[in-house]
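Enquirer: Got a structure for you, questions after.
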Amino acid sequence: MNLHPAPPPPTGAVPYAPELSLALLSDMLRIRRLEEKSAEMYSAGKIRGFLHLYVGEEAVAAGAMRALAPEDNVVAHYREHGHALLRGVAMERIMAEMYGRREGCSRGRGGSMHLFDAATRFYGGNAIVGGGLPLAVGLALAAHLQSEKRVTACFFGEGAVAEGAFHESMNLAQLWRLPVAFLCENNLYAMGTALERSESQTDLCVKAAAFGMAAMKVDGMDVVATHEAAKRAVAQVRSGDGPVFIEFQTYRFRAHSMFDPDLYRDKAEIEQWKTRGPIHTFSARLKAQGQLSEDEFLALDRVALAEVQRAVEFAEAGTLEPVADLTKEVYA
C-alpha cells in the first residue's frame, strides 16, 4: 500500500545569483557522492557498526547550513554525515572516522553516528533518538546567559517528537526564549514506522504551537524552500524573538540503516518520491533558466567524486588506535 504518495516535484525560478545556486548544487552533490561511497565501503567491510545514509534528504542540510554563521552551534542526529561536511568538517576526517582511524574527527572512537568537531562548532552526531535536543537547549542557554548573538541549530528526525526530551526541550526553550532553531527532518518513517502509525497528531507544527512556538512547514526536497525558511528562522532566533520550529517534509531513498530490509513501504512509493529528488529537480530548474549546462553539472560532479576518492585514500592510509589506549579517557 502506498501510504505517502509523492507531491509534484519542485518547480519555478531559482531566485539566486549563479554563485549561490551552484554552491547549493555542489553541496548536495558532495553529500550524495559521500553517502554512496560510504555504502560501498560498508559493503566492502571497511566501515563497521551502524551506517545511516542521507540520500534524498540533501536539500535540508544544504539549505539550512548556508543560513548559519560560523559562530553558530550545530547539533545533529545520527544521519549527520552531510551536516558535518557542509559545516566545514573535512571529508577526509569524516571518512577516517567511519573507518575507525585515529585521524578521524572523533579520533576513530565515534564512528558514523558520533561525528564531532569543536573547531566548526559541530557538536554531534548523537546516536540516541532525540539526544541532541537537550544539548542544543544547553548550548542556547549558555549563549543567552553570555549575551551572545549565537544561534544553535538542532537537527532531528520526526521519530524524536515521541521522546520526552523533545517536549521538555521545546518547553524550556520557549519558556526562557532561548536562541534555538529546531529543525525537524520529517522523512515520514522514522526508523521504520509510518508517522500516522505512531503519532495521533501528525501535523508536527501543531506540536510546536502547543508550546507557543513559531512554526513553519517546508518542502524539504526543494533547496530553495529549505534555504529561505532557514534564513527566516535564523534571523528571528538571532533577533531575540525566541526559538523557531521548522518541519522539513522530506524522504529518504535508502533504508533506515544498512541493516534495514526496508519492508515497511512499497518500492513503488520510493520510486515515486525519487521523481522529487532534490539534485536533479534543482539542476533542471537551473538549466531551464540558463544558469547551468550539462557540462557544468558534470564538472561539479567530477569535483565531488575526486574529493570522495581523496577521502577514501586518506582513510585507507590512517592508523588504528593502539590497544594500550583502550582505557585512555575512561573516567571510571
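The values are calculated or read from the model by the stated rules, or taken from the named source; none is laboratory data. Since this is a predicted model, take the numbers as computed values, not measurements. Using ideal geometry, Cβ is built from the backbone for each residue, glycine included, and neighbour counts are taken over all protein chains shown. Ligands, DNA and RNA are excluded from the accessible area calculation, which covers all protein heavy atoms including side chains. Shrake-Rupley method; radii C 1.70, N 1.55, O 1.52, S 1.80 Å.
Enquirer: Express the Stokes-Einstein translational diffusion coefficient of region 195-332 in µm² s⁻¹, to the nearest whole number, given a Kirkwood radius over alpha-carbon pairs, 4 °C and a viscosity of 1.567 mPa s.
Expert: Stokes-Einstein gives a translational diffusion coefficient of 65 µm²/s.
Enquirer: Okay, moving on. Counting only protein heavy atoms and a 1.4 Å probe, tell me what percentage of region 118-271's accessible area is made up of carbon and sulfur.
Expert: 56
Enquirer: Rounded to the nearest 0.05, what FRET efficiency do M216 and E316 give with R0 = 41 Å and r taken as the Cβ-Cβ distance? Could you check?
Expert: Calculated value: 0.40.
Enquirer: Turning to a different aspect of this structure: Mind jotting down the three principal axis lengths of region 97-159 based on Cα atoms? Whole angstrom, largest first.
Expert: For region 97-159, the Cα spread along each principal axis is 39, 29, 12 Å.
Enquirer: Still on this model: Using only C-alpha positions, report the orientation-averaged shadow area of the convex hull of region 150-268, nm², one decimal.
Expert: 7.9
Enquirer: Using a probe radius of 1.4 Å on heavy atoms only, what accessible surface per residue do you get for region 97-158? Whole Å² is fine.
Expert: For region 97-158, the per-residue accessible area is 40 Å².
Enquirer: While we're here: Using only alpha carbon pairs under 8 Å that are at least six residues apart, calculate the relative contact order of region 207-252 and give it in whole percent.
Expert: For region 207-252, the relative contact order is 48 percent.
Enquirer: Okay, next question. Using Cα pairs closer than 8 Å and at least 6 residues apart in sequence, work out the relative contact order for the chain, in percent.
Expert: That works out to 25 percent.
Enquirer: Under 19 Å between alpha carbons, and skipping anything fewer than 8 positions from K149 in its own chain: which aspartates and glutamates qualify?
Expert: E71, D72, D241
Enquirer: Normalised by the number of residues in region 8-152, what is the relative contact order in percent for Cα pairs under 8 Å and 6+ residues apart?
Expert: The normalised contact order for region 8-152 reaches 21 percent.
Enquirer: Same structure, new question: Run the helix sum for the chain: -39,500 (n - 2.57) per DSSP H stretch of 4+ residues, divided by residue count, reported at 222 nm to the nearest 500 deg cm²/dmol.
Expert: Here the helix-only value at 222 nm equals -13000 deg cm²/dmol.
Enquirer: Using a Förster radius of 30 Å, what is the FRET efficiency between V330 and F259 based on their Cβ-Cβ separation? Nearest 0.05, please.
Expert: 0.60
Enquirer: Continuing with the same structure: Over region 207-292, with the other protein chains present, what is the accessible area per residue in square angstrom, probe 1.4 angstrom?
Expert: 38
Enquirer: Once you've got the Cα coordinates, tell me which of K37/K231; K37/K267; K46/K328 are over 28 Å apart.
Expert: From K37/K231; K37/K267; K46/K328, over 28 Å: K37/K231.
Enquirer: If you take the square roots of the eigenvalues of the alpha-carbon gyration tensor of region 74-204 and sort them as a ≥ b ≥ c, do you get rounded (a/c under 1.5), prolate (a/b over b/c) or oblate?
Expert: Cα axes put region 74-204 in the oblate bin.
Enquirer: Cα centroid distance between region 21-35 and region 157-203, in Å?
Expert: 27
Enquirer: May I ask you to work out the translational diffusion coefficient for region 261-332 at 25 °C, viscosity 0.890 mPa s, via Stokes-Einstein with Rh from the Kirkwood sum over Cα pairs, reported in whole µm²/s?
Expert: Using the Kirkwood radius from Cα pairs, D works out to 143 µm²/s.
Enquirer: With every protein chain present, what accessible area does E92 have (1.4 Å probe, heavy atoms only), rounded to the nearest 10 Å²?
Expert: For E92, the solvent-accessible surface is approximately 50 Å².
Enquirer: On the Cα set of the chain, report Rg and Dmax in Å, please.
Expert: 19.3, 61
Enquirer: Once neighbouring chains are kept in place and the probe is 1.4 Å, which whole percent of the accessible area of region 1-49 is contributed by carbon and sulfur?
Expert: It is 58 percent, rounded to a whole number.
Enquirer: Name the shape class, rounded, prolate or oblate, that the alpha-carbon gyration tensor gives for region 5-58, where a ≥ b ≥ c are the square roots of its eigenvalues, rounded holds for a/c under 1.5, and otherwise prolate holds if a/b is larger than b/c and oblate otherwise.
Expert: Oblate.
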